[in-house]
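K.L.:
Just dropping this structure here.
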Amino acid sequence: MAFVPVDFETESLSARLEEAGLRRQQKSLFILEGLLMYLRPGAVEELFRTIQGYAGPGSSVVFDYVRASVLRGEAHGDGEREIVARVTQAHELWHFGLETDDIGDLLAAYGLRLAEHRDATALEEAYFRNPSGKIVGHVNGTHCLVTAEMVQAHTAWEQPAR
């Protein structure tokens, strides 16, 4: 197991994976926690292309994302306005969001299949319910969590241009 840090603004993910010794088409786990929303759409596409080039069948990709409606300022969920204000105040702008209905298409474009999708309510049900059945914590409404599995690895992989 290896943790591979990468600065997506200045480094090549494929170069960092090579340096870490990851072989292409090897079963792997990619955890993209707190990442996608900070990347521009082109960088997200490059990230998933690179994962597709390295991930063998049975690999998993786990990521959180913010709903595109949050980026449009629609604020439908619990705590959305507050977290957007904090992110903006910290000058850590969000650039990428997804509509829930678009997740399957995004994943399929990179040989992935949706294994699990949890919105804030589902996360609270799964992780914040005490033994007596009461919800004891809240997840802000901006984020969702996805687990995807590689079903169609890219066999003729070319390193994306940077």
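K.L.:
Mind listing whichever residues of the stretch 51-62 are under 22 Å from Asp102 (Cβ atoms) and either surrounded by fewer than 22 Cβ atoms within 10 Å (Cβ to Cβ) or basic (Lys, Arg) (or both)?
P.N.:
Within the stretch 51-62, Gln52, Ser60, Val62 meet the criteria.
K.L.:
Condition test on Leu17, is it part of a loop (DSSP other than H, G, I, E, B), hydrophobic (A, V, I, L, M, F, W, C) and without any contact (Cβ under 8 Å) to a residue 60 or more places away in the chain? It would help to see each step written out before you state the result.
P.N.:
Working: part of a loop (DSSP other than H, G, I, E, B): no; hydrophobic (A, V, I, L, M, F, W, C): yes; without any contact (Cβ under 8 Å) to a residue 60 or more places away in the chain: yes.
So Leu17 does not fit the description; no.
K.L.:
Which ones in the stretch 88-102 are in a helix (DSSP H, G or I) and either touching a Phe, Trp or Tyr at 6+ places or on another chain (Cβ under 7 Å) or under 21 Å from Gly42 (Cβ atoms) (or both)?
P.N.:
First, the residues of the stretch 88-102 that are in a helix (DSSP H, G or I): 88-89, 100-102.
Of everything in the stretch 88-102, just one residue is in a helix (DSSP H, G or I) and either touching a Phe, Trp or Tyr at 6+ places or on another chain (Cβ under 7 Å) or under 21 Å from Gly42 (Cβ atoms) (or both), namely Asp102.
K.L.:
Restricting the first residue to the stretch 136-157 and requiring it to be among the acidic types (Asp, Glu), which pairs with a second residue that is assigned to a strand (DSSP E or B) and modelled with pLDDT of 85 or more meet a Cβ separation below 6 Å and a spacing of at least six or different chains?
P.N.:
Glu149/Ser60; Glu149/Arg113; Glu149/Ala115
K.L.:
Quickly run through the stretch 35-50 and pick out the residues that are surrounded by fewer than 17 Cβ atoms within 10 Å (Cβ to Cβ) and part of a loop (DSSP other than H, G, I, E, B).
P.N.:
Of everything in the stretch 35-50, just one residue is surrounded by fewer than 17 Cβ atoms within 10 Å (Cβ to Cβ) and part of a loop (DSSP other than H, G, I, E, B), namely Arg40.
K.L.:
Name the residue that is farthest from Leu47 (Cα to Cα), counting only residues in the stretch 103-135 that are without any contact (Cβ under 8 Å) to a residue 12 or more places away in the chain and among the acidic types (Asp, Glu).
P.N.:
Per the criteria, the residue is Glu125.
K.L.:
Also, I was wondering about something else. For the subset of the stretch 102-156 comprising residues that are out of contact with any strand residue (DSSP E or B) (no Cβ under 7 Å at 6 or more places or on another chain) and of a type in the set (S, T, N, Q), which member is farthest from Tyr65 (Cα to Cα)?
P.N.:
The residue in question is Ser132.
K.L.:
Residues to consider are Val146, Val62, Val151, Val70; find the one that is at pLDDT 90 or above, under 26 Å from Phe8 (Cα atoms) and more than 14 Å from the chain's Cα centre (by Cα).
P.N.:
Details: Val146 fails: more than 14 Å from the chain's Cα centre (by Cα); Val62 fails: more than 14 Å from the chain's Cα centre (by Cα); Val70 fails: at pLDDT 90 or above.
Only one candidate passes the filter, namely Val151.
K.L.:
Looking at Gly77, is it small (Gly, Ala, Ser), more than 25 Å from Val4 (Cα to Cα) and crowded, with 18+ Cβ neighbours inside 10 Å? Full working, then the answer.
P.N.:
Details: small (Gly, Ala, Ser): yes; more than 25 Å from Val4 (Cα to Cα): yes; crowded, with 18+ Cβ neighbours inside 10 Å: yes.
Yes; evaluated as a whole, the condition is true for this residue.
K.L.:
Right, next: Among the candidates Ser12, Ser28, which residue alone is touching a helix residue (DSSP H, G or I) at 6+ places or on another chain (Cβ under 7 Å) and of a type in the set (Gly, Ala, Ser)?
P.N.:
Working: Ser12 fails: touching a helix residue (DSSP H, G or I) at 6+ places or on another chain (Cβ under 7 Å).
From the options Ser12, Ser28, the qualifying one is Ser28.
K.L.:
Now for a different question. Cβ contacts < 8 Å: first residue closer than 18 Å to Leu123 by Cβ, restricted to the stretch 48-70; second residue acidic (Asp, Glu) and modelled with pLDDT under 90, any location; separation 6+ or different chain. Result?
P.N.:
Cβ pairs passing all conditions: Val70/Glu80.
K.L.:
May I pose another question? Among the numbered criteria (1) among the hydrophobic types (A, V, I, L, M, F, W, C); (2) touching a residue at least 40 places away in the same chain (Cβ under 8 Å); (3) surrounded by fewer than 22 Cβ atoms within 10 Å (Cβ to Cβ), which one does Leu32 miss?
P.N.:
If we test Leu32 against (1) among the hydrophobic types (A, V, I, L, M, F, W, C); (2) touching a residue at least 40 places away in the same chain (Cβ under 8 Å); (3) surrounded by fewer than 22 Cβ atoms within 10 Å (Cβ to Cβ), just (2) comes out false.
The values are calculated or read from the model by the stated rules, or taken from the named source; none is laboratory data. Quantities reported herein were computed from a predicted structural model and do not represent experimental measurements. Every residue, glycine as well, gets a Cβ built from its backbone with ideal geometry; the counts of neighbours run over all protein chains shown.
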